1. Treat chain A as a sphere of radius equal to its Kirkwood radius over Cα pairs and apply Stokes-Einstein at 4 °C in a medium of 1.567 mPa s; give the translational diffusion coefficient in µm²/s, rounded to a whole number.
2. Considering chain C, what Rg and Dmax in Å follow from its alpha-carbon atoms?
3. For residue C:586 and residue C:90, what does the FRET efficiency come to when R0 = 25 Å and r is the distance between their Cβ atoms, rounded to the nearest 0.05?
4. Per residue of chain C, what 222 nm ellipticity follows from adding -39500 (n - 2.57) for every DSSP H run with n ≥ 4, rounded to the nearest 500?
5. In whole angstrom, how long is each semi-axis of the equivalent ellipsoid of the range A:82-139, when you take the square root of 5 times every eigenvalue of its Cα gyration tensor and sort them from largest down?
6. When Cβ neighbours within 10 Å are restricted to other protein chains, what is their mean count per residue of peptide A:131-141?
7. Within 10 Å, count the other beta carbons around each residue, average over each peptide in C:48-61, A:25-38, and list them highest first.
8. Per residue of C:240-250, what is the mean number of Cβ atoms on other protein chains within 10 angstrom of that residue's Cβ?
């Protein structure tokens, strides 16, 4: 290669690098707008794995949340972490109610006093088939959640198929439906 | 294997500042050496709800819980590696402030070497002398420049 | 009265006017140079000044609105409150996105005005092009301010009270950190403008290097002070002694600092040896581009950080387009024009310029590592959907070896002459400095059993010693009579002291960082009157009081520190509760004796009201103040360079116009 061509190539490298970075930024920005790119997202290593071992501290009377039964379910269920002190959880309650007619929802009250969780559900309606309490947040850590609300879609046999670390909105419910149809 | 050994050696050399945000004395392990170890492990774990802070530096609730878990595991006699694995199994590689060396992070870890080689090449290329046409300075400009740098 | 003249509408109008003038400042001189129309070119300085005055007026309007608590202005409503102290009403103007962009534009305007006033000495076309490019960049930012982040936006039915400012930001350290930091970022627009003008002209020579260097030094010094202040702020505000977090915002300021430092050294080679020209141009473009992209990344929401402003993708897109035009355009111009620039000086690797090449390789590699580490997580997320973190342990691991090499180079380089160095004259100083380096490193290792801090501090001491030896050699102290030495001392150029001072600054910072590795701490839960022993001192919690401030309630502790019963000092850590924001701020108390910091944090109250216990964190941080002392020393070195007589190009203009006999000799 002639040296002048080589030099020209070499001196285009900064521009090429900047152009690639710029293209990346553009894709990120459009992803941010459309919701496809989220720099805060933490993907859970639990995806497509069996549900983790965990132990619930307190069981409210009546609706017993049993981790062993969760592992043996024969239809898909949605597991939802929530707390009475969490405002986004309040926002997703309406969607959870609607969803509860189509799929069983199991709820875990994260770092919440049982009576507060109870009151919260009485006030805002209870979408949960079963309810458990995670007083100290240790169950949350076993499931790798970083806050509330978070939801997991669990398939028969206890496989985790889908994870959503935000309040459930239209787009998330759409994803759940399409996953349910596939199974 | 060799590379890994060299890398571990370099890593072993890095500063380990023992700063802490432990918010109360009852969080700490009674054994001084164990507490130091827990701090070191904690400083490599990202506080998930904060930005770029380790769990040792953060006052977030979750960071506090994770600090406690790290200390429980240290007290139970687990190795650093085991504790790290436990965390990664739950939160993925996101929790590691120092990402592992794998296919995905090849460029990241290779960057220091690549940068040294490439910037060296780039500059070397510039030092090599070559003739090239340039508009010569006219007399007035030459005189002016001579004046400007006359202090040399 | 004043607020009627300096109304938000007037400010908005002045901003629009400044934007128009900046546009004209960009276009008219360029047309003038192309068509050889002197009248158009001569408009450039006037336009630059006009733009600056309009911006200053606009900024004054925003400050007035803030001082007068005009809550009908959305920006003031969201970031201020009537009970906020006056100082923070003024400095709070740039504590938010809109105001900070206006400040950014204002500083760019100042740069344009100052350059146009101090550049009468420049070749005609170069000057016109430099001012034009500064105008173009300013126009972009003013347009950004007007379209997507208008600080003067009014709202209907203004509320009686504002929402207040984040109490963490109500701090004198943070009040002055942004303007200085921005001045650093924006200051690099001047070398950038010079680089673009040189690319258009197709000529770079020693004089170019000399014109660019003072601006680079000034911008670099301000950036150094800005970063130092920021780091100091996190040290005393965040409450656990951390001073650098490798947070994206910090990295965004470190990147132009690294490449700016490289540029500083490179421009010297251009000036002295007419070599490395193309590389210098690239660094000038790269440094300003990095300053700009830092702003972009932080404000677009792509990288989120503790310090981030409210992120907004539409703003991000605007800045990205601006960035594409400014940086993309200039890099394209570089790729096209650089091959036509001539490279002259060849040089021996073992020489000052050889050492500067090494310095550049190392600094740019560090910058590349920081950049990669900062951008890796979002890019991996984009390409694979995986989430990763790159934090302090990564940067420490990868950058420490490179930084140590750089420090070693720094100890030796100032001893080398330009052109070609011989080993013999520098052998003795290197043996002495090297020997002392090894001795102190080994000694420290056996003192503390920590390898890396021992090596780093050994090299730090080596840098200082090598500077001292060089100084003794230069003034031939002990070899010639004292009087002679004194004359030589007076004869040394100020730039000589500046170089050594800046390098010693780095050494001081290094020693400070090393010292922090030996920090001792204790966390305790104690009653008032109890004493804790740490680092050979007695730390006693003497009393706890409640108080009320202008917009907060406080709990104040008094800590008496003594050594063997002799009082050393009192410290007053406190907690401030801001009811408006429902936020608790912990105020660290620090006492420094320049050898170490005594650092106390007041924590939670425990126990019953009758028998309260307080959690306290005590830190003894050896050499901690040196971290910032070194930073300020570096900046001082830079500022002293500016006073060197060889640098006063602009001021010199009157003298050089007269025929000089010396010039003929040169």
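Laboratory data are not the source of any read-out in this text; all were calculated from the coordinates shown. What you see is a predicted model; the values in this text were computed from it and never measured. Heads up, the Cβs are rebuilt from the backbone with ideal geometry, glycines too, and the neighbour counts pull from every protein chain shown.
1. Taking Rh from Cα pairs, D becomes 70 µm²/s.
2. 27.0, 88
3. Given R0 = 25 Å and the Cβ-Cβ separation, E is 0.50.
4. One gets -21500 deg cm²/dmol as the mean residue ellipticity at 222 nm.
5. Ellipsoid semi-axes (Å, largest first): 18, 12, 10.
6. 2
7. Descending mean neighbour count gives C:48-61, A:25-38.
8. 4
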